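The values are calculated or read from the model by the stated rules, or taken from the named source; none is laboratory data. Everything quoted here is computed from the prediction, not taken from an experiment. Backbone-built Cβ (ideal geometry, glycine too); neighbour counts: all protein chains shown.
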Amino acid sequence: MKVFIAGGRGRVGSPLADNLEAKGIEVVSGGLEDGIDVISGKGLAEALVGVNTVVNVLNTPRFDAEGAISFFEGAINNLTTEGERAGVRHHIVLSIVGVGEGDASDIGYYLGKVAQEKAVRSASIPATIIRATQFQSYIPVLIDQHTV
Ligand SMILES: NC(=O)c1ccc[n+]([C@@H]2O[C@H](COP(=O)([O-])OP(=O)(O)OC[C@H]3O[C@@H](n4cnc5c(N)ncnc54)[C@H](OP(=O)(O)O)[C@@H]3O)[C@@H](O)[C@H]2O)c1
């Protein structure tokens with residue numbers, strides 16, 4: 001089994017890659033640092049050769065609705081187009097508990113995550129959406145963002 005982790009060197013992607021490799025699963029890391037850009041498509045087709053499953057743990061620093069929607073939707077579209085060509089059979093997306101609901105439903109970043117979920121649900125590759133709450137490793141980021 002060969003897994004492509006879109007965002008494979010990020011906070012979630014990096015320990016995920018380690019865990020999969022420890023189980024003997026072949027992992028291809030797909031991030032900017034790896035020379036792969038899922039938005040422009042650079043390096044994507046080559047990286048997906050022989051891949052069965054894509055795990056999408058991409059992220060954008062854009063917190064405005066326009067930027068977040070365009071990033072998350074664009075990535076799903078490119079991963080679907082190139083994934084289909086490569087014969088990918090499963091697309092797993094990490095989302096967030098509660099996006100699109102309640103008081104925070106109009107936060108731009110969350111609108112991006114809602115658009116991401118919608119795009120992968122209607123895409124041609126069978127998908128699983130996992131909604132998680134924030135992980136412990138995200139706490140320092142939140143502290144930095146909100147310290148005045
Ligand atoms: N962290 C959490 O607590 C948490 C909880 C629930 C859900 N999530 C969701 O999980 C996802 C990942 O979160 P994270 O905290 O792991 O994010 P992160 O640490 O910011 O990692 C994001 C990854 O995306 C890659 N990336 C960004 N733009 C790219 C592009 N154009 N082409 C290819 N790769 C690109 C980055 O690559 P480079 O490093 O090479 O720039 C990086 O590896 C997000 O969608 C988030 O909403 C996270």
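Remarks
- Close Cβ contacts (under 6 Å, 6 or more residues apart or on different chains) running from residues in segment 126-145 that are without any contact (Cβ under 8 Å) to a residue 40 or more places away in the chain to residues that are assigned to a loop (DSSP other than H, G, I, E, B) and within 11 Å of the ligand (Cβ to nearest atom) comprise R131/V97; T133/V97.
- Residue list for segment 97-135, restricted to those being assigned to a helix (DSSP H, G or I), modelled with pLDDT of 95 or more and surrounded by fewer than 12 Cβ atoms within 10 Å (Cβ to Cβ): R121
Yes/no per residue for (1) within 12 Å of the ligand (Cβ to nearest atom); (2) in a helix (DSSP H, G or I); (3) farther than 22 Å from L16 by Cβ; (4) acidic (D, E):
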{"position": "V55", "(1), (2), (3), (4)": "yes, no, no, no"}
{"position": "I69", "(1), (2), (3), (4)": "no, yes, yes, no"}
{"position": "I76", "(1), (2), (3), (4)": "yes, yes, no, no"}
{"position": "S95", "(1), (2), (3), (4)": "yes, no, no, no"}
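- Among (1) in contact with a helix residue (DSSP H, G or I) (Cβ under 8 Å, 6 or more places away or on another chain); (2) within 11 Å of the ligand (Cβ to nearest atom); (3) over 26 Å from Q136 (Cα atoms); (4) outside any loop (DSSP other than H, G, I, E, B) - the single one I36 does not satisfy: (4)
- When V51 is tested against (1) assigned to a loop (DSSP other than H, G, I, E, B); (2) farther than 16 Å from K2 by Cα; (3) not charged (D, E, K, R), exactly one condition is not met: (2).
- Condition broken by E117, with the remaining ones in (1) more than 11 Å from the ligand (Cβ to nearest atom); (2) within 20 Å of G83 (Cβ to Cβ); (3) among the charged types (D, E, K, R) satisfied: (1)
- Any hit, segment 3-24, residues being in a strand (DSSP E or B) and either acidic (D, E) or at pLDDT below 95 (or both): no
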